[in-house]
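Structure first, then comments.
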Amino acid sequence: MDAEPEAFVQTLAADTADVLVARALVDENHEGVAALVLHVAGSEPISGWRMATVAGQDPATLEQEGFFGYGVDAGTGSFGSPEAMKVTQRVLSADAGMLDDPVSNALFSDGIGTRSAVLVAAEHGAGPVAVCSSGWGDGVYPTWLGVNTSGRVVVAVTDFLLSGDPHAAPPPAPEDADQAPQKARPKSLLRRLIGR
């Protein structure tokens, strides 16, 4: 939520999307947000996956198991339009950490901060942002984009790396299923969510 947010170069194939939060039971006393998902309702099936990037990032330059991701501070991840993120950043900055702004009020409305995700506008008339606690907290987290056969983005998934796969590799595209068997590796959260 920088003053000038750096948006992904890829865009969602609709102005609106369903927001889903995947929660995971880490142990019997700890539950965390494993992923934040945007899904275009009624969209075509996913035919492949791409890494979300900002201007100047090229996934081909990464090591085999590397990823680009967005930085999380204060243990809170989010999705929103660049305009909504600018407003949210301005409102949060003006609040100066007093937790008396609309976003903080929504997250902490029960008085003890147990809400792990909200969809909220930072001020009247502003676009909403989806805000959630982020897996293990601060860090850098990858966002994967599910594309349809036309190459349009119909799903965006930020993986907060609660899974056993530290690099959260995306599932193979359906056409990869007919190739020679690949070396077995633990399923990332994204593979388990999507079922590939």
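The values are calculated or read from the model by the stated rules, or taken from the named source; none is laboratory data. Bear in mind that the values here come from a model prediction, so they are computed numbers and not experimental data. Virtual Cβ from ideal backbone geometry, glycine too; neighbours counted across all protein chains shown. All accessible areas refer to the heavy atoms of the entire protein, side chains included, with ligands and DNA or RNA removed. Shrake-Rupley method; radii C 1.70, N 1.55, O 1.52, S 1.80 Å.
What to note about this one:
- Close amide H partners of VAL54, meaning residues 5 or more places away or on another chain with modelled amide H under 5 Å apart, are VAL9.
- Accessible area (Å², 1.4 Å probe, nearest 10) - ARG90: 120
- Annotation for region 1-36: GluC sites (Glu not before Pro) lying in DSSP loop with at most 12 further Cβ atoms inside 10 Å of their Cβ are GLU28.
- Computed from backbone phi with θ = phi - 60° and the Karplus coefficients 6.51, -1.76 and 1.60, the 3J(HN,Hα) list for region 40-57 is 7, 4, x, 7, 5, x, 6, 10, x, 10, 10, 7, 5, 9, 10, 3, x, 8 Hz; x is used for glycine and proline.
- Cβ-derived FRET efficiency at R0 41 Å, GLU83 paired with ASN29, nearest 0.05: 0.55
- Spin-label model, LEU99 to LEU20: label points 7 Å out along the Cα-to-beta-carbon direction sit 3.1 nm apart.
- FRET efficiency for the SER109 to GLU65 pair, using the beta carbon distance and R₀ = 41 Å, is estimated at 0.55.
- By a 1.4 Å probe calculation restricted to protein chains, THR61 has an accessible surface near 100 Å², given to the nearest 10.
- Under the Karplus curve 6.51 cos²θ - 1.76 cosθ + 1.60, θ = phi - 60°, whole-Hz ³J(HN,Hα) for region 72-86, x wherever Gly or Pro sits: 10, 10, 6, x, 9, x, 7, 10, x, 5, x, 5, 5, 5, 4
- Debye intensity ratio in log₁₀ form over the Cα atoms of region 11-70, taken at each q of 0.16, 0.21, 0.26, 0.29 Å⁻¹: -0.81, -1.05, -1.11, -1.17
- Close amide-amide hydrogen proximity is noted between GLU31 and VAL26, each under 5 Å apart and 5 or more residues distant or on a separate chain (H modeled in the peptide plane; Pro and chain starts excluded).
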